[in-house]
């Protein structure tokens, strides 16, 4: 058998085993609930069913409201994050504009009598052929 087939068979065996375990747990829980309900008088069972039925919409509305609150908080957090990024970008642009403004002011304030020194002249070096050693 190749490794691939062997791995698939092991995966299938593990899946079947875990499915059987989960089925056993569900069957045991169902049997336990059945046994407990056999101990409860019918009037209490009816009362429990009525209360559970009444609470279904209450739980639904409560979960819906909690989801809306969570969603509003998440959107507010996204808005807050975007505001911070926008502020940082604006500050960066403002700083760049201030830097340009200061640079222009400094250039304008330079004295007119500034002396420009000539560039040094380097002597020309002798150039030889490629691979030739040149002595200076």
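Quick notes
Conditions (1) assigned to a helix (DSSP H, G or I); (2) touching a strand residue (DSSP E or B) at 6+ places or on another chain (Cβ under 6 Å); (3) modelled with pLDDT under 90; (4) more than 30 Å from residue 33 (Cβ to Cβ), marked per residue:
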site	(1), (2), (3), (4)
50	yes, no, no, no
58	yes, no, no, no
62	yes, no, no, no
76	yes, no, yes, yes
85	yes, no, no, yes
93	yes, no, yes, yes
97	yes, no, yes, yes
100	yes, no, yes, yes
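- Residue within region 10-31 that is at pLDDT below 90 and part of a helix (DSSP H, G or I) present: no
- Some residue of region 111-118 being at pLDDT 75 or above and surrounded by 10 or more Cβ atoms within 10 Å (Cβ to Cβ): no
The values are calculated or read from the model by the stated rules, or taken from the named source; none is laboratory data. Computed from a predicted structure; not experimentally measured. Glycine gets a Cβ as well: all are built from the backbone with ideal geometry, and neighbour counts include every protein chain shown.
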